Amino acid sequence: MHVHENIDVYREMIWGLMDMYMTTISNKMNGIMKVLTIISTIFIPLTFIVGVYEMNFEYIPELKWKYSYYVLWGIMFLLFLALLIFFRKKKWL
C-alpha cells in the first residue's frame, strides 16, 4: 500500500513538472509570436505604400514632382519610426 501511494505521489509530481515545462514552452512561443506580429505590423503599411506606387499609373501627381522619390522615402521612414516608438512606449519591444 505504501509503495502504491508513493507511485501516485511521483506520478502527480511528474505531471506537475510536465505542466510547468509546457507552460514555459508556451510562454516562449508567445513571446516569439508577439515579436513577429510587431514586425509584420510595422512592415504591412510600408508594403501597401510600395504596392500603390509600384502600379503603372500615369496620372499619379506625385510621380512628376522633382523630389517625390525622397518624400516617399521620408514618409515611409517616419511611419516606421512612429510605429517603432509607439511599440516601445507600450513596452512591447
Residue-wise HN-Hα coupling along the range 43-51, computed from phi with Karplus coefficients 6.51, -1.76, 1.60 (Hz; x: Gly, Pro): 8, 5, x, 5, 5, 5, 4, 5, x
Along the charge dipole of the chain, which of ASN30, TRP73, LEU17 sits closest to the positive end, that is, farthest toward it, with unit charges on the beta carbon of Lys, Arg, Asp and Glu (+1, +1, -1, -1)? TRP73
Accessible area of the chain belonging to carbon and sulfur atoms, whole % at 1.4 Å probe: 72 percent
Please give every one of the lysines within straight-line cross-link reach of LYS91, meaning a C-alpha to C-alpha distance under 18 Å, and leave out same-chain neighbours fewer than 8 residues apart. LYS28, LYS34
Sorted by packing (mean other beta-carbon atoms within 10 Å per residue), highest first, where do 3-13, 76-86 land? 76-86, 3-13
Quick calc: nm separation of the 7 Å Cα→Cβ label points for ASN56 and PHE80 -> 2.8 nm
Please list log₁₀ I(q)/I(0) at q = 0.15, 0.21, 0.22 Å⁻¹ for the chain, using the Debye equation with identical point scatterers on the alpha-carbon positions. -0.77, -1.04, -1.08
What is the helix-to-structure angle for 68-89, meaning the angle in degrees between its Cα long axis and the longest Cα principal axis of the chain, kept from 0 to 90 and rounded to the nearest 10? 30 degrees
If you place +1 on the Cβ of every Lys and Arg, -1 on the Cβ of every Asp and Glu, and leave all else neutral, what size is the dipole of the chain about its Cα centre, to the nearest 20 Debye? 580 debye
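Accessible area per residue of the chain at 1.4 Å probe, in Å²? Numbers along the way, then the final one.
Details: 8440 Å² over 93 residues.
Per-residue accessible area for the chain comes out at 91 Å².
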Can you pull the one-decimal nm distance between simple spin-label points at LYS64 and MET29, each 7 Å off the Cα toward Cβ? 5.6 nm
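Give me the net charge of LYS34's neighbourhood, meaning all other residues with Cβ under 13 Å from the Cβ of LYS34; Lys, Arg count +1, Asp, Glu -1. List each step's numbers first, then the result.
Values: positive: LYS28, LYS90, LYS91; negative: none.
Summing Lys and Arg as +1 and Asp and Glu as -1 gives +3.
The values are calculated or read from the model by the stated rules, or taken from the named source; none is laboratory data. All of these numbers come straight from a predicted model, not from anything done at the bench. Positions of Cβ are generated from backbone atoms using ideal geometry, with glycine treated the same way; all protein chains shown enter the neighbour counts. Heads up: the accessible areas ignore ligands, DNA and RNA and are worked out on the full protein's heavy atoms, side chains in. Shrake-Rupley method; radii C 1.70, N 1.55, O 1.52, S 1.80 Å.
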